[in-house]
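Read the structure below first, then the notes.
The values are calculated or read from the model by the stated rules, or taken from the named source; none is laboratory data. Keep in mind that this is a model prediction, so the values were computed, not measured. We place every Cβ from the backbone using ideal geometry, glycine too, and count neighbours over all the protein chains shown. Just the protein is used for accessible areas: all its heavy atoms, side chains included, with ligands, DNA and RNA removed. Shrake-Rupley method; radii C 1.70, N 1.55, O 1.52, S 1.80 Å.
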Amino acid sequence: MHGLEDRIFPLREGEAHFGCVALWMSRDQRVSDNWALIFAQEAALKAALPLVVVFTLSGSFLGASRRHYAFMLGGLKLVAKRLRSLSIPFFILPGEPGKTLPEFIARHGITFLVTDFDPLRIKKEWKETVARRVDIPFYEIDAHNIVPCRRASGKREYGAYTIRKKIKKLLPFFLDEMPAVQKHPHGSDLNGHPVDPGSLLQQSGADASIPGLPDVAAGEEHAAARLRSFLERLDRYATERNDPTRDAVSHLSPYLHFGQISAQRVALEVRRCRAGADAKEAFLEELIVRRELSDNYCHYTPDYASFDAFPDWARKTLDDHRHDRRPYLYSRDELESAATHDPLWNAAQLQMTRTGTMHGYMRMYWAKKMLEWTASPEEALSAAIYLNDRYLLDGRDPNGYAGIAWSIGGVHDRPWGERNVFGKIRYMSYNGCASKFNVKRYIEMLKPVES
Ligand code: FAD
Ligand code: FO1
């Protein structure tokens with residue numbers, strides 16, 4: 001029982017009897033294990049209609065730069081190739097979806113539209129605009145979560161401890177094998193667009209001012225290879241996942257963010273592999289509970305990137321400490337250029353700008369220190385989101401908005417001992433890190449290369 005019906009959210013009910021079915025691919029940019037594609041193909045097969053996939057390429061998506069577009073377009077090039085081999089034409093439409101998609105639908109006689117679930121505000125706005133401008137059946141499928149977001153909970157959850165039991169209860173029903181997409185038997189005269197990342201990158205007008213990440217290979221095959229290599233060392237996750245000097249984490253987040261691998265596939269492979277139960281449990285807690293808690297947060301908290309979204313106790317304690325003396329104050333530029341007094345924080349910032357990633361443990365420390373070293377929680381929040389989304393390959397993700405809100409605003413956390421500036425927000429210190437891992441080694445790893 002694969003529970004497809006629980007993933008379906010109708011934006012406009014209806015059936016197709018002629019014309020063509022289209023999947024508007026957005027968050028889940030893959031052919032394998034993609035519930036939105038599975039649903040779209042089922043609808044097309046039922047009515048014996050052709051099937052196409054369309055991707056709307058929006059310039060500077062939430063401030064994304066070329067390093068993000070290059071990775072994403074690299075993955076989409078492989079998606080287009082695989083779909084072509086399945087007789088499913090792939091189209092890429094540069095421009096705003098509210099304009100380009102209705103035109104595409106009218107021009108190609110699309111009579112049934114499917115898209116994937118995404119809790120980000122900008123995606124909800126895109127869908128609302130498209131739904132207003134077309135009058136065909138339109139369905140949204142949660143292809144990102146193992147337990148569909150709306151099914152896991154109908155409201156904003158307090159924390160991992162409240163959503164965990166709801167997810168665990170439903171997991172046996174949803175964490176199961178997924179049907180493969182088949183070669184589509186109903187052709188059309190539509191040929192689709194080849195994806196040429198180079199020229200699309202030019203067209204996107206994306207910010208080219210930060211260095212790309214040429215050695216991070218994009219696409220489903222590379223995501224699968226990274227999963228296989230992680231499963232070989234999964235045992236280390238149990239004891240070393242919080243040590244940024246050890247390579248104990250999966251590095252799957254860019255692939256999960258762009259949907260180049262399915263979290264359900266990752267969970268199935270983790271469950272099957274040889275590693276110990278505690279390592280599997282620790283990893284699945286992050287991959288399933290923490291990740292789905294982030295979608296829950298963004299989906300049910302429209303202002304997920306603002307101070308107002310923090311819990312009452314957190315807003316109150318931060319207000320009480322607004323006028324505390326800040327021993328250090330840094331501008332966004334000083335933070336961005338890793339020019340603080342703290343070599344550990346600077347190393348984390350360098351890791352972010354240079355490699356497009358930052359170890360999960362350091363992300364907490366990195367964000368919390370920004371609360372301490374900026375003039376207000378609002379400034380800390382906006383600087384953290386700006387840097388997170390400008391440099392991290394997995395940025396612009398519900399995990400990021402939730403992770404930053406946890407660090408700075410106590411979202412999904414509880415009050416701790418009261419102290420200067422932080423109030424009751426959980427505190428992290430250099431010495432606290434030094435008691436957990438070899439801080440000197442981490443700083444050494446990230447020493448600025450001799451220019
Ligand atoms: P692993 O430890 O191997 O975990 C596997 C997967 O589980 C991750 O890819 C991710 O999808 C999920 N996961 C792990 N930890 C968390 C977590 N704390 N919350 C939610 N999901 C989690 N994650 C992003 O994807 N994009 C971001 O922009 C982002 N920004 C963050 C900012 C801050 C301040 C904090 C505290 C966390 C942030 N995270 C973000 C969550 C987490 O740090 C990263 O997902 C993780 O470090 C990615 O590395 P990995 O894939 O090797 O993780
Ligand atoms: N999704 C789209 O449908 N079209 C885009 O042009 C697009 C660009 C983009 C750039 C950077 C990035 O991090 C994400 C981007 N996404 C785009 C969205 C992405 O697929 C995810 O849906 C969300 O960012 C995560 O919820």
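Brief remarks follow.
- Spatial separation of Cα centroids for segment 4-19 and segment 36-53, in angstrom: 11 Å
- Against the main long axis of the alpha-carbon atoms of the chain, helix 66-85 sits at an angle near 30°.
- P(r) for segment 1-143, from all Cα pairs and a bin width of 10 Å, is 11, 45, 36, 7, 0 %, short bins first.
- DSSP assigns beta bridges within segment 1-143; of those with both partners inside it, close to 20 percent run antiparallel.
- Relative to one another, the C-alpha centroids of segment 385-438 and segment 149-192 are positioned 29 Å apart.
- With all pairs of different C-alpha atoms in the average, the Kirkwood value for the hydrodynamic radius of the chain is 23.0 Å.
- The residues neighbouring E285, those whose beta-carbon lies less than 14 Å from its own, together hold a net charge of +4 under the Lys/Arg +1, Asp/Glu -1 convention.
- CD proxy at 222 nm, helix term only [per DSSP H run n ≥ 4: -39500 (n - 2.57); per residue of the chain; nearest 500]: -14000 deg cm²/dmol
- Angle in degrees between helix 220-232 and the longest Cα principal axis of the chain, rounded to the nearest 10: 50 degrees
- Charge context of K166, other residues only, Cβ under 11 angstrom, K/R +1, D/E -1: +4
- Within the chain, percent of DSSP bridges classed antiparallel, to nearest 5: 20 percent
- On a per residue basis, the chain carries 41 Å² of accessible surface, using protein heavy atoms and a 1.4 Å probe.
- Cα-based helix-to-principal-axis angle, 291-300 vs the chain, degrees rounded to 10: 80 degrees
- Rounded percent of accessible protein surface that carbon and sulfur make up, the chain, 1.4 Å probe: 54 percent
- FRET efficiency estimate (nearest 0.05) - Cβ-Cβ, K440 to R107, R0 60 angstrom: 0.45
- Between segment 317-374 and segment 60-123, the Cα center-to-center distance that results, in Å: 35 Å
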